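Reviewing the structure listed below.
The values are calculated or read from the model by the stated rules, or taken from the named source; none is laboratory data. All values derive from a computational prediction rather than experimental measurement. Cβ coordinates were reconstructed from backbone atoms using ideal geometry, including for glycine residues, and neighbour counts include every protein chain displayed.
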């Protein structure tokens, strides 16, 4: 269901209401009809299997009830300024509230009786059957920066029947559980990995998305023991269970495993081109190798390795230790932006949360569980690229600092492999920085 406004144009004492494809409705129209309803009359009471419609109240007032089998919404249409798109497999009822109410309906198909579902019980049965076709997913580290975005994203949540959430709440991101979408089925488990209880949840799941990790690369220099326990050991446990029960496994690795390189690096790089420079990156590479060992030893290919670029963008579970988000926080709080001395003109791979979510949906829908590795990044940016975008929103000061893992060279990462499978990256550094800074809009004004 999509409710939106028309474009209103006044001209020579007249008023035009303009509805356009992609702006208001998503389909090409093939049929148009107008309903002249009587006051108190009820119409509709059906759903369409494949066809979509767009409703506009040209005159009078109509109450439209929409039921997709998971939630019910009521909308009042009483002006041609507002239109509503009714998607396929949505049960619709219209009650005409005023005399001479007229509803204009645009359809994407000609009339076909076989497309109609006129019995509500049959409609519910079909919805429930489709629901069973959706996989169950387990997400570890589900309340973090990436996980909290996914579980609040409509398109992601609707891909799954049941969503199991695991998080140890070490960062106390309780707010990530607030206001979860009504159309999702969620179960939360406050446990730390490794943990024997995970076996029960893996067995109920069709897909396991492994996000749980200590992710601060710079801080990981001082957390070698913790890094090993939280990252490597938890991955071993989850990967072994997925292998044992032949579950689909999405392992989130990192482009930081490439380290310093003079040219563009891709998934086919040999060992000589892989140069991880933090315990975090070393651990990720070790975990990748473990998965490939399972592949060779047990012929387990039901997994995919996604090397994510540095994440940027707002989510309810946002963290501010990565470059873009950290710089936004410092700019918003009038602090100097701290930049590694050698990093200002070096390129690094970055990934917007929008693209991270879309890539995970793409992998899942296309069943790309083939033992392959894919680089997932929106683009390669320099620190100056990021600073220049922030400058357009806030006045900033830059302070150069030392880091124990400063790279002497840039590294550019290619994302052509996933793009060759028809995936497109649409994330915007400009938009994500602007959106993040807006969250601090009433601060330090």
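The residue list 333, 310, 338 contains one member that is surrounded by fewer than 18 Cβ atoms within 10 Å (Cβ to Cβ), in contact (Cβ under 8 Å) with a residue 24 or more places away in the chain, in contact with a helix residue (DSSP H, G or I) (Cβ under 9 Å, 6 or more places away or on another chain) and in the same structural domain as residue 382 (by TED's automatic domain parsing), which is 338.
Okay, residues lined up against (1) more than 25 Å from residue 208 (Cβ to Cβ); (2) part of a helix (DSSP H, G or I); (3) in contact with a strand residue (DSSP E or B) (Cβ under 6 Å, 6 or more places away or on another chain):
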residue	(1), (2), (3)
357	no, yes, no
361	no, yes, no
367	no, no, no
370	no, no, no
374	no, no, yes
380	yes, no, yes
386	yes, yes, no
390	yes, yes, no
394	yes, no, no
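Of all the numbered requirements in (1) in the same structural domain as residue 21 (by TED's automatic domain parsing); (2) surrounded by 18 or more Cβ atoms within 10 Å (Cβ to Cβ); (3) closer than 23 Å to residue 183 by Cβ, residue 138 misses one, and that requirement is (1). Within segment 161-172, none of the residues are in contact with a strand residue (DSSP E or B) (Cβ under 8 Å, 6 or more places away or on another chain) and assigned by TED's automatic domain parsing to the domain that holds residue 38. Is it true that some residue in segment 417-427 is in a loop (DSSP other than H, G, I, E, B), in contact (Cβ under 8 Å) with a residue 60 or more places away in the chain and surrounded by fewer than 17 Cβ atoms within 10 Å (Cβ to Cβ)? Checking segment 417-427: at least one residue is in a loop (DSSP other than H, G, I, E, B), in contact (Cβ under 8 Å) with a residue 60 or more places away in the chain and surrounded by fewer than 17 Cβ atoms within 10 Å (Cβ to Cβ). Restricted to segment 44-80, and to residues that are free of Cβ contacts under 8 Å to residues at least 24 places away in the same chain and either surrounded by 15 or more Cβ atoms within 10 Å (Cβ to Cβ) or in contact with a helix residue (DSSP H, G or I) (Cβ under 6 Å, 6 or more places away or on another chain) (or both), which residue is nearest to residue 18 (Cα to Cα)? Selected residue: 79.
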